[in-house]
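The values are calculated or read from the model by the stated rules, or taken from the named source; none is laboratory data. Since we're looking at a predicted model, the values are computed, not measured. Surface areas here come from the heavy atoms of the whole protein model, side chains and all, with no ligands, DNA or RNA. Shrake-Rupley method; radii C 1.70, N 1.55, O 1.52, S 1.80 Å.
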Amino acid sequence: FSAPSTAAAFAAVDDRVMGGASTSRVVHEDGAALFEGNLIVEGGGFASVRYLGEISLSPEAEALSLEARSDGRKGYKLTLNSAAAPQGVSYQLVLPQLDEGAPFERLRLPLADFKPSLRGRPATDAPPLRAADVRGLGLMLSRYESGGGIKEPIAPGSFQLRLRRLAEAESELAINGRR
């Protein structure tokens, strides 16, 4: 996320696809990718961008490590796409709510915690997410739960999430010296 060219590789996929009016984009600012926009909860309720390049993870990956800084909002998600899942299914994980103005925090995102979703609803027939099948990623601010369904109310308006680094996280076993 720290390279200026990364921002240009994202495309908006906002709730306009279902009649909403939210807008979002990714720009490069101060050595980080900035996911920003305006969330309108009526008519849709999500703002989203998708990375246009293909990504891959080592088959042994158990988690991702993300360095992020937020405006204090809740509802930000990292989404992953899997070659093994049906078309349109994304695996989503709600990011922890970060304090506004706090420095970048390193978040550990276990792949097992990502929930399959299709158009805001649980994708119960989707296979489990495997690192070897991950092919794409996206960012989202949404009023919907990771596995689908509307969650508690989320405030409309402008938003900003800064991302500095995304990488495979060291396994828990390796961290604890057992691997």
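So for the chain, considering every pair of alpha-carbon atoms, how many percent are separated by more than 28 Å? In whole percent, the share of Cα-Cα pairs in the chain beyond 28 Å is 19.
Accessible surface computed residue by residue for the chain, with neighbouring protein chains in place and a 1.4 Å probe, gives 51 Å² per residue. Sorting D113, D133, D99, D30 on solvent-accessible area from highest to lowest, probe radius 1.4 Å, gives D30, D99, D113, D133.
Ordering V13, V49 by how much accessible area each has at a 1.4 Å probe, largest first, what is the list?
Values: V13 40, V49 5 Å².
Reading off the accessible areas and sorting them downward yields V13, V49.
Could you please put S56, S24 in sequence from largest to smallest accessible area, using a 1.4 Å probe?
Numbers: S56 90, S24 15 Å².
Greatest to least solvent exposure: S56, S24.
Size descriptors for region 1-59: radius of gyration and Dmax over Cα atoms are 13.1, 40 Å. Taking all protein chains as present, what is the carbon and sulfur share of the accessible area of the chain, in % to the nearest whole number, probe 1.4 Å? Percent of accessible area from carbon and sulfur atoms in the chain: 49. Estimated from helices alone, the mean residue ellipticity of the chain at 222 nm is -1000 deg cm²/dmol (sum of -39500 (n - 2.57) over DSSP H runs with n ≥ 4, per residue).
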